[in-house]
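**Q** Sharing a structure with you now.
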Amino acid sequence: MAGSVKAEAIVLRSIRYSEADRILHLYTPDRGRVSAIAKGVRRTRSRFGGRLEPFFRVRLVLHEGRSDLLTVTGAETVDGHPRLRQDAGAIDAAARACDAVARVFEDAEPHPAVFHLLANELALLDRDPAAATRANQLAFRLKLLVAAGLAPQLAACATCGDREHLVGFSGAAGGVVCGACEAGGFALDEEAHVFLAGALARPLAETPGGSPRALRQAERAIAETLEHHAHVRLRAAAPG
């Protein structure tokens, strides 16, 4: 139905369009991922100012017409994350978080938990740019798996249910596997297993650390789960 709607949103991506416009990829709590055009936003005297750049959390007034592409008619900043924008590592981590949300949740279905997870991640990176670690990026992706209904089984073998001798991980099975069921999986060290469990259980601001080897294994576990069950491949997490 045509008309104006109000929505809170996080700008995932901004793409130049024509001489003065931009196409925005937005994530909202009530509509999921949507696209909108901001007309004249690239002009020096645009009424939107710099409010529609990536990572901004904004309140928007959108015109909904016959097209799937909404039109931005009003914008108010909720949080522009200015400190995040001054740190290259934080900018990169924020971009990877937004890209992960866009790839895993690409439809217009509402997932309020995803919106709030992304908002929390951006707020953390703005509050403490040094939080832009590889461990933090992996913890964020693990929590996205939970929101997508793909939380890995970590307490017992995903194939047989055995709680002992958990020595591998299988993306196809959806979690850790025991020695008897590890065919088709890969070896998972105890440290990587502990990291996965801790990162799922703790808030993003309390993400545990891990050795480079443990984090590589954790990233592989996340990647294989997404590829097998959601047919999604994410950019590799940044080192650090």
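**Q** Answer with yes or no whether ALA199 is assigned to a helix (DSSP H, G or I) and touching a residue at least 12 places away in the same chain (Cβ under 8 Å).
**A** yes
**Q** Related question: Going by the conditions given, is LEU166 in the same structural domain as GLU8 (by TED's automatic domain parsing) and either over 24 Å from VAL5 (Cβ atoms) or in contact with a His (Cβ under 8 Å, 6 or more places away or on another chain) (or both)?
**A** no
**Q** Follow-up. Hey, which of the strands (runs of 3 or more DSSP E) in the stretch 5-119, taking only ones fully inside, have at least 3 residues that are over 23 Å from the mean Cα position of the chain (by Cα)?
**A** Because the criterion is at least 3 residues that are over 23 Å from the mean Cα position of the chain (by Cα), the strands (runs of 3 or more DSSP E) in the stretch 5-119 that meet it are 57-64, 70-79.
**Q** For residues in the stretch 217-240 being crowded, with 17+ Cβ neighbours inside 10 Å and charged (D, E, K, R), which is nearest to PRO129 (Cα to Cα)?
**A** GLU219
**Q** Can you name the residue in the stretch 179-199 that is more than 14 Å from ALA158 (Cα to Cα) and of a type in the set (A, V, I, L, M) and, of all such residues, is nearest to the chain's Cα centre (by Cα)?
**A** Step by step, filter the stretch 179-199, then rank; the result is ALA199.
**Q** How many residues, within the stretch 192-203, are buried (at least 18 other Cβ atoms within 10 Å of the Cβ) and of a type in the set (A, V, I, L, M, F, W, C)?
**A** Number satisfying all stated conditions: 4.
**Q** Follow-up. For the stretch 62-79, how many residues meet the condition of being closer than 28 Å to VAL146 by Cα and surrounded by 16 or more Cβ atoms within 10 Å (Cβ to Cβ)?
**A** Looking only at that region, the number is 0.
**Q** A follow-up question, please. Residues in the stretch 81-93: is at least one among the hydrophobic types (A, V, I, L, M, F, W, C), within 30 Å of HIS229 (Cα to Cα) and free of Cβ contacts under 8 Å to residues at least 40 places away in the same chain?
**A** yes
**Q** Right, here's the next one. Would you check if ALA139 is outside any loop (DSSP other than H, G, I, E, B), in contact with a Ser or Thr (Cβ under 6 Å, 6 or more places away or on another chain) and either exposed (fewer than 15 other Cβ atoms within 10 Å of the Cβ) or not polar (S, T, N, Q) (or both)?
**A** Details: outside any loop (DSSP other than H, G, I, E, B): yes; in contact with a Ser or Thr (Cβ under 6 Å, 6 or more places away or on another chain): yes; either exposed (fewer than 15 other Cβ atoms within 10 Å of the Cβ) or not polar (S, T, N, Q) (or both): yes.
Criteria met by ALA139.
**Q** Please specify each residue of the stretch 14-54 satisfying the condition of being at pLDDT 75 or above, within 25 Å of ASN120 (Cβ to Cβ) and surrounded by fewer than 16 Cβ atoms within 10 Å (Cβ to Cβ).
**A** ASP30, the sole residue that qualifies.
The values are calculated or read from the model by the stated rules, or taken from the named source; none is laboratory data. Note that the coordinates shown come from a computational prediction; the quantities given were computed from them, not determined experimentally. All Cβ positions, even for glycine, are placed from backbone atoms using ideal geometry, and neighbour counts span all protein chains on display.
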